[in-house]
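Peer 1: Pasting in a structure now, in structure tokens, and then I'll have a few things to ask.
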């Protein structure tokens, strides 16, 4: 469980920032250079690079440098791990609600039919 927890913690920590979520959303559409990622953001290139470092450390984003151009892409496996964790919690909650509904149905007094 601890092996699974640390990468998941890093992924959620990275996604806790709206700028980084925006970057991941952009990269979900396809690879982009650092300059392309920075273009719509109201911050310095240095700030963009710092956000990218956090995304890389979390495993959500991988970068590759060819010449002077650094290209970024989303790592689908890292996103899948976060998605699985969320879905597991959702399914658990749904099962609890289903059990509560079944219990309430069993304990509901019979309705009298009007005469």
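Just so it is clear, none of the values below were taken in a lab; they were calculated from the coordinates. Just so you know, these numbers come straight off a predicted model, no measurement behind them. Heads up, the Cβs are rebuilt from the backbone with ideal geometry, glycines too, and the neighbour counts pull from every protein chain shown.
Peer 1: Those residues that are under 13 Å from residue 24 (Cα atoms), surrounded by 13 or more Cβ atoms within 10 Å (Cβ to Cβ) and within 12 Å of the chain's Cα centre (by Cα), I need them from the stretch 62-81; list them, please.
Peer 2: 74, 75, 78, 79, listed by residue number.
Peer 1: Ok, one more. Within the stretch 29-68, count every residue that is over 24 Å from residue 7 (Cβ atoms) and part of a helix (DSSP H, G or I).
Peer 2: 6
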